[in-house]
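Structure first, then comments.
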Amino acid sequence: MFAKLGTLMDRHRWPVIGVWLAVTVAGAVFGGGLFDRLATTSTNRADSESAIAQQRIDELAPEGSMIIAVIEGKDVYDPGLNASVTKANQEIKAMAGVKEVNDLYNGPGGQIGADNMSSTVRVELDPKLSEDARERLEDKVKARLKLIEAPKVTVGGTKIAERAFGEQSVRDLAIGESIALVALLVVLVLIFGGVIAAGLPLAVALVGVSGSLLLLFGLSYATKVSEYSLNVVTLLGIGLAVDYSLLIVARFREERLLHGPTEALVEAVARSGRAVAISGIAVAATLAGLTVFAEPLLAAVALGGAAVVVLATVAALTLVPALLSLAKDRIPAAGEGRFSFKTDLLAKLAAKAQRSPSQVALGVTVGLLVLAAPLLGANFANSDARALPHSNEARQAYDALQEKFNNDHPDDVVVLVQAGPERADVRMFMNQVNNQLNAQVFRQEVRPDVPKGWTVLDLTPKGEVGGQEGVELVRKLRAMQTPFPKWVTGPSAEVVDYQDSLARRLPVAALIVLVVTMVVLFMLTGSVVIPLKAVLMNLLTLIATLGVLVVVFQWGWGQLPLFFDSWGGIDLTTPVLLFVFIFGLSMDYEVFLLARIKEEYDLRPDTNRAVLRGITKSGPVVTAAAICIVIVFLGFTVGGLVAVKEIGVGMTVAVIIDVTVVRGLLLPALMTMLDSWNWWAPGFLRSLSMVPSTAAQPKQRATPKQPATPKQPATPKQPAKTEKPAAAAPVTSPAEELTVEVPALAGTPTPAAEELTVEVPAPARKPATGAALPSDVRQAGNA
């Protein structure tokens, strides 16, 4: 199937390139409209208790957007400051759409800071304003507040912070993409030894970015797409586009050692295309599993992410072969070119793991569990203005308000009661809150101007912002029995609802991921043991990564190198997204390695030999892919949003752990321990897999035939010797390598057969084959 695809792309390269060029142009022209349609997306479902209560409060006592100015650096009793604030108050009140203005000098809502050198001005806008009208008025009010004659005036508010979050997200996206693409070009040139080969994955990445914007633009008409979703989806799309493209280009260069350009192209697509397709299906299906959570933010990421993964997969399977067809004569074979990327890191790790498999498996598992230990004290919560960089004015206003006026208390917990405050049972409930929850409640206030028959209580929790006191208060309030209906809302209640919703649906999402992993890897290998092993290894990678994130972000150990201020927690969405992304990307590398291991096992059913040779051959490609995708993730850590930094750092840590420790050590150790059990599956399932028959597999592998048998082939005379025979003396180039395998000696730590490589004169090239013979050909044979 994939061989036919390679042939088809080679024959019809220009129409294929034309289609993708049209997609790129369309994305550039229409994708920009996405930025005008980005919207703030709620983390909670509309049927959650906090959402229902807040909607009801908005109907009963609607409040408009609040703009808060913090005035600092001047004595609050200074006559000049009084006059300046009063003048601003009068001018802002005259603006159409302003509902109320309160300050220290002209109303009951003024506040004096703890230092007697700061005060606030609060401006409430009409709640009936449209979003566009509200934003225009916010800008106008903000500009007038900045004219108050004081050393420092910072303006913020909830809606202003949301806008700042979106604007920062767009800037971070532009910076992250620019840094990642430039760095990728340099690294790909070093890996492939030339600009042309390096440009192919980069071209697919650019197509992926443009196509992603186009897809998300269309998706914005079906559901809300937030700036956060845009960043995360684009991050994933670029990484996978480069990964998949690199795999095919690298396999093409490897096949060029054995075939002419056209045959190498077909062979590369036939062998790598299957791995790319399987990996893309797995990642897309895993991302689609996010939809079971039903939260708006996760739904947008799930649908957008799955669509972008499909786009990256299709581009790698069609655009890359078409571009290779154009440039196939100008792309050097593996090991050729100005530069030559060579690494045997994974091969060395695998060999070490196979020598002491049980010790390595135990050591790696314990080490990953140690990394995961900080996860036990994790504080997951919703991000607020503290997720903005400290240089942002909305963040500065929030910090000043918390420090000087709110004593760093958490936001209020709001209780909506379907009964008036004049009722005795309502007053009894309020007294019960004061008496029983005195350890959690700092202040209790009854909100004025609420319609008859309803009561709204604002409870200020004790403790600090980002602590668990607000969450505990919400749970205790909801557990209290009352003779009237009540609902609890507020930021802390939103966190509780989000946590409970995720906890209810996490088993379903985990089941989807498990089923996808099992089915995909079974179709690839025909085994049920390998998929189960892969799930366990992915879980170890996930919890180790989350443990590292707690240390870096919650504990604040990464503040200095990553340029952020820790707010004492991790965004509640981060572990959910990492769960899906880590399983998806881990599947990438699992498929890349297992596909090659399975090739070797089909050639010769010796598990230990197949594992070592498969990792040795695919290791450089996997390492190169990991380096490229890490560069993409690191590019997004330079932005200002802490939530995006968490995803970037988390994926970087996960890839490094997965490619080195898990795939380099744990995978070969476990496969060595399991030996033939790796390939076990019930008989009734084997017929359902896509695994080709072992006998047919070698026939599909085109290799150059030897025109003549060397008269004096170098073979070991006595396999029982403890030393390998010396290789033949060097001959004139070009020369071929003849690999002779001899049985392992008694007591040898490596279970696989030893290999002896000697050089023999290369046979004359035969033009009839249609392809130049390689400079070094490796033939495997049995002694």
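The values are calculated or read from the model by the stated rules, or taken from the named source; none is laboratory data. In this text, all values refer to a predicted model and were calculated from it rather than measured experimentally. Because the Cβ atoms are built from the backbone with ideal geometry, glycine has one as well, and the counts that use them run over all protein chains shown. When the accessible area is computed, the model is the full protein with side chains, heavy atoms only, and any ligands, DNA or RNA have been set aside. Shrake-Rupley method; radii C 1.70, N 1.55, O 1.52, S 1.80 Å.
The overall shape of region 1-90 is prolate: from the C-alpha gyration tensor, with semi-axes ordered a ≥ b ≥ c, the ratio a/c is 1.5 or greater and a/b exceeds b/c. With 25 Å as the limit, write out which pairs from Lys128/Lys152; Lys128/Lys159; Lys348/Lys645; Lys74/Lys645 have Cα-Cα distances beyond it, or answer none. Those over the limit are Lys128/Lys152; Lys348/Lys645; Lys74/Lys645. The alpha carbon gyration tensor of region 641-686 gives principal lengths a ≥ b ≥ c with a/c of 1.5 or higher and a/b no greater than b/c, which makes the shape oblate.
Accessible area per residue for the chain, computed on protein heavy atoms with a 1.4 Å probe, is 43 Å². Across region 18-173, Cα-Cα pairs more than 24 Å apart make up 49 percent of the total. Of all complete DSSP H helices in the chain, those with a Cα span along the helix axis of 20 Å or greater and a mean Kyte-Doolittle hydropathy of 0.0 or more are 13-30, 158-192, 195-219, 227-255, 261-288, 296-327, 357-372, 491-525, 529-549, 573-603, 607-635, 642-656. Among 110-122, 585-597, 547-559, sorting by the average number of other beta carbon atoms lying within 10 angstrom of each residue, highest first, gives 585-597, 547-559, 110-122.
Sorted on the mean count of surrounding Cβ atoms within 10 Å across their residues, most packed first, peptides 454-460, 302-308 read 302-308, 454-460. Taken over region 539-695, the ratio of Cα radius of gyration to 2.2 N^0.38 Å equals 1.25.
Averaging the Cα positions of each part gives two centres, and for region 198-247 and region 73-142 these lie 43 Å apart. Grouping the Cα pair distances of region 364-461 into 10 Å bins from zero gives a pair-distance distribution of 12, 27, 25, 21, 10, 4, 1 percent in increasing distance order.
Nonpolar atom fraction for the chain, defined as the carbon and sulfur part of the 1.4 Å probe accessible area, stands at 60 percent. Summing Lys and Arg as +1 and Asp and Glu as -1 over all other residues whose Cβ lies under 12 Å from the Cβ of Ile160 gives a net charge of -1. Of the Cα atoms belonging to region 363-418, the radius of gyration and Dmax stand at 18.4, 59 Å. Taking a ≥ b ≥ c as the square roots of the eigenvalues of the Cα gyration tensor, region 134-214 is prolate, since a/c reaches 1.5 or more and a/b is larger than b/c. For region 282-326, the equivalent ellipsoid derived from the Cα gyration tensor has semi-axes of 29, 8, 4 Å, listed largest first.
Per residue, the average separation of C-alpha pairs within less than 8 Å and at least 6 apart gives the chain a relative contact order of 17 percent. Packing around the peptides 662-671, 378-387, 507-516, taken as the average count of other Cβ atoms within 10 Å per residue, puts them in this order, highest first: 662-671, 378-387, 507-516.
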